[in-house]
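Peer 1: Have a look at the structure that comes next, please.
The values are calculated or read from the model by the stated rules, or taken from the named source; none is laboratory data. On a predicted model such as this, the values are computed, not experimentally measured, just so you know. Cβ sites come from the backbone with ideal geometry, for glycine too, and all protein chains shown count toward neighbours.
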Amino acid sequence: MAERNEINFQFLAEQNVDMICMVGLDLVMNYVSPSCHRILGWTPEEMCGKGPDAFVLPEDLPVVAAAHERLLVHGVDESPTTIRMRRKDGTFAWMDINARIAKDRESDEVNGIVITMRDATERKLQEEELETLAFRDSLTGLANRRSFDQVLEREWRRTLREGGQMSLILLDIDHFKQFNDQYGHIFGDDCLRAVAYAVRGAVGRATDVVARYGGEEIAIILSGTDSDGAIAVAENVRASVEALRLPHKGNLASEWVTASLGVATALARHGGTMKMPESLLLAADSALYKAKHEGRNRIAASHLLASQGELSQE
């Protein structure tokens with residue numbers, strides 16, 4: 001009877017498009033269905049006798065251990081576990097895994113674990129693409145307003161918590177309406193893309209966030225950056241935009257496309273009165289207005305003291 005069950009199991013496994021494995025309680029594979037070759041490039045013989053650490057990416061081994069523990073307690077892991085497994089060619093595949101304890105029908109003794117693995121790589125890539133689209137501006141490739149708001153809130157809280165400082169730069173392309181009126185919106189979009197690329201390259205640190213704030217405005221969040229550091233970044237950005245040498249006859253500040261920038265720096269101190277990240281935005285916006293009022297293609301800066309007691313008051 002046991003032999004017949006084993007034959008039936010193997011027949012069904014070999015007809016299945018998913019990978020089906022029989023493993024011991026130590027997770028060493030005793031049987032792997034032939035579909036492993038199509039999905040991962042390994043033959044069943046290459047996979048049998050090995051445990052998860054031979055194929056699962058090290059970062060995902062704790063996920064496997066947690067699922068194994070749940071399985072031993074409940075006998076079945078109802079929710080799929082998604083992990084990354086190494087293909088033979090060196091790439092990896094996302095795999096959805098379901099598992100259940102296998103028992104001998106006659107003795108009711110546990111004789112292993114049956115694991116079903118389904119290739120989820122295409123689904124995960126689609127999810128990652130959708131997530132990227134949700135947080136990226138489609139025109140410039142910069143972070144969008146939604147992403148900006150989340151990062152600003154996070155960095156503001158970190159600044160308060162650590163008693164540190166952060167800076168925000170708001171950039172506005174000078175006389176951009178006149179540029180669109182003279183050259184058309186298609187060239188206007190090209191101009192925005194070129195400026196966005198120049199700004200991203202001029203900022204430098206990968207940890208700093210450059211976002212399209214709205215229209216022709218770009219925002220730059222500089223974590224852990226004091227006023228002098230932020231002004232230096234802003235000047236580098238301003239010069240990089242002007243260095244594009246994009247003609248702009250409607251720009252009263254220059255014959256080229258230029259930008260005005262407002263810099264605001266928040267210092268978290270006990271006794272500070274400014275609360276919420278909107279305070280930093282208002283300060284940067286006021287500085288930007290000053291830069292425009294003073295002739296454009298320039299930088300203006302402001303400072304504010306943020307209240308360290310803000311977090312404790314929530």
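Peer 1: Within the set of pairs 6 or more residues apart or between chains, which connect a residue that is touching a residue at least 12 places away in the same chain (Cβ under 8 Å) inside region 33-52 to a residue that is part of a loop (DSSP other than H, G, I, E, B) and small (Gly, Ala, Ser) with Cβ atoms less than 8 Å apart?
Peer 2: Listed pairs, sorted by first residue: Pro44/Ser33.
Peer 1: Here's something else I'd like to know. Among the numbered criteria (1) out of contact with any helix residue (DSSP H, G or I) (no Cβ under 9 Å at 6 or more places or on another chain); (2) buried (at least 23 other Cβ atoms within 10 Å of the Cβ), which single criterion is violated by Ile186?
Peer 2: Ile186 satisfies every listed condition except (2).
Peer 1: Taking Gly164 as the residue in question, decide whether it is under 30 Å from Ala196 (Cβ atoms) and touching a residue at least 40 places away in the same chain (Cβ under 8 Å).
Peer 2: It is true that Gly164 is under 30 Å from Ala196 (Cβ atoms) and touching a residue at least 40 places away in the same chain (Cβ under 8 Å).
Peer 1: Out of the residues in region 228-252 that are in contact with a Ser or Thr (Cβ under 8 Å, 6 or more places away or on another chain) and not β-branched (Val, Ile, Thr), state the one that is surrounded by the fewest Cβ atoms within 10 Å (Cβ to Cβ).
Peer 2: This residue is Gly229.
Peer 1: What about Met29, is it at pLDDT 90 or above and touching a Cys at 6+ places or on another chain (Cβ under 7 Å)? Show your work before the answer.
Peer 2: Working: at pLDDT 90 or above: yes; touching a Cys at 6+ places or on another chain (Cβ under 7 Å): yes.
Yes, satisfied.
Peer 1: Can we say Thr225 is β-branched (Val, Ile, Thr), surrounded by fewer than 23 Cβ atoms within 10 Å (Cβ to Cβ) and part of a loop (DSSP other than H, G, I, E, B)?
Peer 2: no
Peer 1: Something else: Residues Leu261, Leu288, Leu252, Leu244: which one is in the same structural domain as Ser167 (by TED's automatic domain parsing), in a loop (DSSP other than H, G, I, E, B) and at pLDDT 95 or above?
Peer 2: Sole residue among the options that is in the same structural domain as Ser167 (by TED's automatic domain parsing), in a loop (DSSP other than H, G, I, E, B) and at pLDDT 95 or above: Leu244.
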